[in-house]
Amino acid sequence: MKRSTGWFILITFMFSLWSCTAYKKEQGEQELRLKGDGQNNSNSFDNIVDTTLQGTDGNKIHLSFDNVQNIVVVVLDRDTVLLKQDTTASGISYSNKTYKYTEWHREAKLEKEGKVVFSTR
């Protein structure tokens with residue numbers, strides 16, 4: 001009886017050790033996929049995040065967030081605008097003298113001179 005209990009404990013320990021190793025390997029592979037192909041390019045996952053949003057009126061806006069320089073390039077219709085990141089307590093905000101882009105509680109909004117020109121709600 002004691003011998004079979006010892007084998008059971010040993011097999012359980014070996015299985016749990018193997019499971020942890022397999023989990024860590026899988027996590028490492030996922031991180032590599034997220035970071036790209038390993039080549040040093042300017043559009044790596046850590047630096048640039050590109051996204052396209054569709055507004056309530058059907059217009060689309062393309063955003064390229066640069067997490068290193070804390071800027072976003074906004075393309076709406078024929079306008080291409082560079083905005084600098086603002087400090088906020090909640091959500092995100094980027095602006096320049098004319099435009100202001102904000103995201104808060106799943107709502108994205110772009111204002112031009114105080115007038116909303118794009119909104120997802």
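Only the coordinates and a few stated rules stand behind these numbers; no lab work does. Predicted model only: the values in this text are computed from it and were never measured. Every residue, glycine among them, receives a Cβ derived from its backbone with ideal geometry; neighbour counts consider all protein chains shown.
For segment 40-121, a/c is not less than 1.5, where a ≥ b ≥ c are the root eigenvalues of the C-alpha gyration tensor, and a/b tops b/c. That puts it in the prolate class. Given their separation in residues at 0.36 nm each and the Cα-Cα distance between them, Glu103 and Val116 gain 3.4 nm when the chain is fully extended. For Val72, Val117, the sequence from fewest to most other C-beta atoms within 10 Å is Val117, Val72.
If you filter segment 40-121 for GluC sites (Glu not before Pro), then keep DSSP loop positions with at most 10 other Cβ within 10 Å, what is left? Could you put the intermediate results ahead of the total?
Working: sites: Glu103, Glu107, Glu111, Glu113; in loops: Glu113.
Taking segment 40-121 and a limit of 10 other Cβ atoms within 10 Å, the loop GluC sites (Glu not before Pro) found are Glu113.
In plain terms, the residue of Val74, Val49, Val68 with the fewest other Cβ atoms within 10 Å comes first and the most crowded comes last, giving Val68, Val49, Val74. What the phi angles of segment 83-89 give under the Karplus curve with 6.51, -1.76 and 1.60, with θ = phi - 60°, is a coupling list of 10, 9, 6, 9, 7, 9, 7 Hz, glycine and proline written as x.
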